[in-house]
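Written out below as structure tokens is the structure these notes cover.
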Amino acid sequence: MLQSTEPEQEKLLSVMAPPPEVYFKRYTTEAVTAGTAPPPPPPPIGEFTAFGISHNPDDPKSILAPLRDYGVTQLYTDTADSIKELKKINASLLVNFLDLLDILIKCRASQIRIQKLEDIELLFCNFHHLINKFRPHQALETLIQMIKIQKEQKLKLVEQVNSKVETARAGIFTTINSLPSSLSCTIKEEQTMEEEVEGPLRQGPDAREDGFLHAVDNLVDMDLET
């Protein structure tokens, strides 16, 4: 059997994404609940390739290169204010669109129509490129909003827990007050003694010792009285 002497073909760096059916059949509700769904791929480290284009996260131009690097005329400078440029391009789009409508009404076969379409396409390319410059800011604001929502949910949960604690405490006091007077006094005395012992534990060492000695003195006095 003859062996091929041709050089090996270069490895395919990237392919088009498979059809959606490949994904939604693997990530069903049952698969996610059972934990059998494939885990997400790890984030790329260093330079990576997507759709045949190399990207380097450490190089900002690799993520969003200037339009001139793609062979497209850039209508603004790299140091220009993006917000002001967006407003200018938006106004230019409206003017060019009205001009295109006027050309279509008066002379539909005019070659100026093609030139006007190319101008509008160029304006949209620059407009879209400027919007993409705000993607990191958008991601940051999205994370901030998510953290705020989580904070509000936790604060509401804490309020609900505190409300339940207060309700339980009120029920305990109501039960104690409804007991016979002798038994109620005994329970209140024991509660006072527990507070005298536990209270100093939340303070410094000296306060703990004084509080403990005071509680012991009270116990001795109660034994002497009985």
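The values are calculated or read from the model by the stated rules, or taken from the named source; none is laboratory data. What you see is a predicted model; the values in this text were computed from it and never measured. Virtual Cβ from ideal backbone geometry, glycine too; neighbours counted across all protein chains shown. Quick note on the areas: whole protein, heavy atoms, side chains included, nothing else; ligands and nucleic acids left out. Shrake-Rupley method; radii C 1.70, N 1.55, O 1.52, S 1.80 Å.
Is it fair to say Glu85 is open to solvent by less than 70 Å² (accessible area, probe 1.4 Å), in a helix (DSSP H, G or I) and either modelled with pLDDT of 80 or more or of a type in the set (Asp, Glu) (or both)?
Yes.
Counting only residues that are of a type in the set (A, V, I, L, M) and either open to solvent by less than 90 Å² (accessible area, probe 1.4 Å) or at positive phi (or both), which one in the range 110-134 is nearest to the chain's Cα centre (by Cα)?
The qualifying residue nearest to the chain's Cα centre (by Cα) is Ile131.
Six or more apart or on different chains, Cβ under 8 Å: which pairs go from a residue in the range 130-147 that's closer than 19 Å to Tyr76 by Cα to one that's assigned to a loop (DSSP other than H, G, I, E, B) and of a type in the set (Ser, Thr, Tyr)? Could you list them?
Qualifying pairs under 8 Å: Leu130/Tyr76.
A quick yes/no check of all residues on (1) touching a residue at least 60 places away in the same chain (Cβ under 8 Å); (2) over 15 Å from Leu130 (Cα atoms); (3) aromatic (Phe, Trp, Tyr); (4) exposed (fewer than 11 other Cβ atoms within 10 Å of the Cβ):
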{"residue": "Arg68", "(1), (2), (3), (4)": "no, no, no, yes"}
{"residue": "Tyr76", "(1), (2), (3), (4)": "no, no, yes, no"}
{"residue": "Thr79", "(1), (2), (3), (4)": "no, no, no, yes"}
{"residue": "Leu93", "(1), (2), (3), (4)": "no, no, no, no"}
{"residue": "Asp99", "(1), (2), (3), (4)": "no, yes, no, no"}
{"residue": "Ile103", "(1), (2), (3), (4)": "no, yes, no, no"}
{"residue": "Arg108", "(1), (2), (3), (4)": "no, yes, no, yes"}
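Any chance the range 11-25 includes a residue that's assigned to a helix (DSSP H, G or I), modelled with pLDDT of 75 or more, open to solvent by less than 100 Å² (accessible area, probe 1.4 Å) and of a type in the set (A, V, I, L, M, F, W, C)?
Checking the range 11-25: at least one residue is assigned to a helix (DSSP H, G or I), modelled with pLDDT of 75 or more, open to solvent by less than 100 Å² (accessible area, probe 1.4 Å) and of a type in the set (A, V, I, L, M, F, W, C).
Could we say that Thr36 is without any contact (Cβ under 8 Å) to a residue 12 or more places away in the chain and loosely packed, with under 12 Cβ neighbours inside 10 Å here? Walk me through how you get there before you give the answer.
Working: without any contact (Cβ under 8 Å) to a residue 12 or more places away in the chain: yes; loosely packed, with under 12 Cβ neighbours inside 10 Å: yes.
Considered against the rule, which asks whether it is without any contact (Cβ under 8 Å) to a residue 12 or more places away in the chain and loosely packed, with under 12 Cβ neighbours inside 10 Å, Thr36 comes out as yes.
Being at pLDDT below 90 and either of a type outside the set (Ser, Thr, Tyr) or part of a helix (DSSP H, G or I) (or both) is true for just one of Glu152, Glu196, Glu159, Glu141. Which residue is that?
Glu196
Every residue in the range 43-66 that is modelled with pLDDT under 80, open to solvent by less than 70 Å² (accessible area, probe 1.4 Å) and closer than 19 Å to Cys125 by Cα, please.
Listed by number, the residues that qualify are Ser62, Leu64, Ala65.
Against the definition (among the hydrophobic types (A, V, I, L, M, F, W, C), modelled with pLDDT under 90, open to solvent by 90 Å² or more (accessible area, probe 1.4 Å) and under 30 Å from Leu100 (Cβ atoms)), how does Ile172 come out, yes or no?
Working: among the hydrophobic types (A, V, I, L, M, F, W, C): yes; modelled with pLDDT under 90: yes; open to solvent by 90 Å² or more (accessible area, probe 1.4 Å): yes; under 30 Å from Leu100 (Cβ atoms): no.
The answer is no for Ile172.
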